[in-house]
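The values are calculated or read from the model by the stated rules, or taken from the named source; none is laboratory data. Note that the structure is a prediction, hence the values are computed from the model and not measured. Note that we place each Cβ from the backbone using ideal geometry, even for glycine, and neighbour counts take in every protein chain shown. Heads up: the accessible areas ignore ligands, DNA and RNA and are worked out on the full protein's heavy atoms, side chains in. Shrake-Rupley method; radii C 1.70, N 1.55, O 1.52, S 1.80 Å.
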Amino acid sequence: MGIACALAILFSLCGCGEDAGGETKTIDKEALAAELAGTLEFRDMLEAVDSGIAGLRYDTPENVEVVLYAGSGATAEEVAVFEAPDEDAAEEVLEAAEIYIQDQIDAFENYVPEEVPVLEKAVVEQRGKYVIICVTDDDAAARKEIEEYFD
């Protein structure tokens with residue numbers, strides 16, 4: 001049983017964007033956000049949002065940076081990549097992201113109910129000190145791109 005737990009921990013660390021030395025991999029959050037927004041299929045036209053405005057959209061600590069691409073509001077589609085100073089802060093961002101997605105579900109239920117299933121399968125992941133949100137019909141492609149970016 002102890003070996004199984006150790007293997008589970010080892011495999012979970014491998015998926016968290018760590019390099020061979022155990023350090024959290026540093027990525028270009030702008031490039032990842034642009035890649036997701038530019039290569040995945042969206043029904044809405046996603047545009048880069050000023051980081052100051054993007055920071056107001058989520059309830060995250062002030063020392064967290066975010067790159068956001070959002071649509072017109074007619075859909076819930078968006079891409080956000082957050083960079084926190086460390087993994088503990090990223091856990092707070094992850095919690096805030098999950099709350100944000102639930103708030104979006106609640107808002108879209110009466111506004112555009114067709115968006116609720118898209119929000120329910122939204123990609124919300126923490127990779128080391130990064131948190132990624134991707135709301136798209138093709139969540140599988142988003143997960144694959146994120147995985148490849150962190151490899």
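Points to keep in mind about this one:
- Placing Asp151, Asp139, Asp103 in order of accessible area, with the largest value first and a 1.4 Å probe, yields Asp151, Asp103, Asp139.
- Solvent accessible area, Å² - Asp88, 1.4 Å probe, full protein context: 110 Å²
- Solvent exposure ordering (accessible area, 1.4 Å, most first) of Phe82, Phe42: Phe42, Phe82
- When the residues Arg43, Arg143 are ordered by accessible surface, computed with a 1.4 Å probe over the protein chains alone, the sequence from largest down reads Arg43, Arg143.
- Cα gyration tensor shape of region 53-116, rounded if a/c is under 1.5, else prolate or oblate by comparing a/b with b/c: prolate
- Per-selection Rg to Rh, region 31-151 - Cα, Kirkwood hydrodynamic radius: 0.93
- Counting heavy atoms of the protein chains alone, Val112 has an accessible area of about 30 Å² for a 1.4 Å probe.
- Accessible surface for region 47-151, divided over its residues, is 49 Å² per residue with a 1.4 Å probe.
- Formal net charge of residues neighbouring Glu35 (Cβ-Cβ distance under 10 Å; K, R +1; D, E -1): -4
- Portion, in percent, of the accessible area of region 57-135 that falls on carbon or sulfur, probe 1.4 Å: 43 percent
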